[in-house]
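Worksheet: the structure to be examined is printed underneath.
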Amino acid sequence: MDCQKRLRDLPEDQRPRERIRREGPQHLSPQELVAAILGKGTRKRDVLQLACEVVRHYRIGRYRWRRTVPSVEEVRQALGVGEATATQIVALLELSHRIHQQGDQVTLFTPEDVARYVDPMKWMDKEELRGLYLNTRRELVRDELISLGTVNESLAHPREILRPALLSSAVSFILVHNHPSGDPTPSREDLALTRRVAYLAREMDIPLDDHVVVARGGFVSLARRHPELFPGKSSPPSARR
């Protein structure tokens, strides 16, 4: 995704609204569609640059929309835009949310299902940790971004992982994160976080089913490779001081 491209640098017949009229919306990228809806950017950012940030920050076109739609103030703070633009973005996200609610339900029975669902994550250049929260039928009820950056307990405290499970009344959940290096081999930090979260999740009766690491080189299921990290198969981690 080219976030440096500006609307004024494009020939008129290549601008999003012109292309929609001429070619139809199915040929435009998510970034171009958002730009066509917003119409204009801010004093500091061209509309295409702003649209790129919206698509990247809220993952439009990459995942089924399962997150709680943010408030206008949350969007203002996240993207540094004014109230009018933030209101447009919230309306766009709410519409996306409602459309996806009408689509096929995502079910996650195996690590392969998880890897397919989050496939775009393997191409990301930053590490991202997500929580996938499930009901009794293994249907996805919430897809939550937990942290950006190195996945460890300082950036992804267990309470930030377990809170969405409570809010969505999930009966279990799966963690998933990517390795931009291309190697899905879990790190020591990955193992430590998994052990602690799995233990605390069991105490709250919302079990952690798996932690899947995805990368360009494939994926690893920690539940398969390191079953000892999960409840009933390992001793509890030492408490924090």
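The values are calculated or read from the model by the stated rules, or taken from the named source; none is laboratory data. Since we're looking at a predicted model, the values are computed, not measured. Reconstructed Cβ throughout: ideal geometry from the backbone, glycine too, with neighbour counts over all protein chains shown.
Taken over region 192-221, the residue count meeting the criterion of being in a strand (DSSP E or B) and of a type in the set (Phe, Trp, Tyr) is 1. Condition first: crowded, with 20+ Cβ neighbours inside 10 Å and either modelled with pLDDT of 90 or more or in contact with a strand residue (DSSP E or B) (Cβ under 9 Å, 6 or more places away or on another chain) (or both). Can you find one or more residues in region 227-236 that meet it? Checked against the condition, which is being crowded, with 20+ Cβ neighbours inside 10 Å and either modelled with pLDDT of 90 or more or in contact with a strand residue (DSSP E or B) (Cβ under 9 Å, 6 or more places away or on another chain) (or both), region 227-236 yields at least one hit. The set of residues in region 171-185 being touching a Gly at 6+ places or on another chain (Cβ under 9 Å) and among the small types (Gly, Ala, Ser) consists of SER181, GLY182. When GLU128, GLU189, GLU139 are checked against the criterion of being crowded, with 18+ Cβ neighbours inside 10 Å and in contact (Cβ under 8 Å) with a residue 24 or more places away in the chain, GLU128 stands alone in meeting it. With respect to being of a type in the set (Lys, Arg), modelled with pLDDT of 80 or more, surrounded by 15 or more Cβ atoms within 10 Å (Cβ to Cβ) and within 18 Å of the chain's Cα centre (by Cα), ARG67 falls outside the description. In region 148-170, the qualifying residues are those that are touching a Lys or Arg at 6+ places or on another chain (Cβ under 9 Å) and at pLDDT below 85, and the one that is surrounded by the most Cβ atoms within 10 Å (Cβ to Cβ) is PRO158. Here is the figure for region 36-61: residues that are of a type in the set (Gly, Ala, Ser) and under 16 Å from ALA86 (Cβ atoms) total 3.
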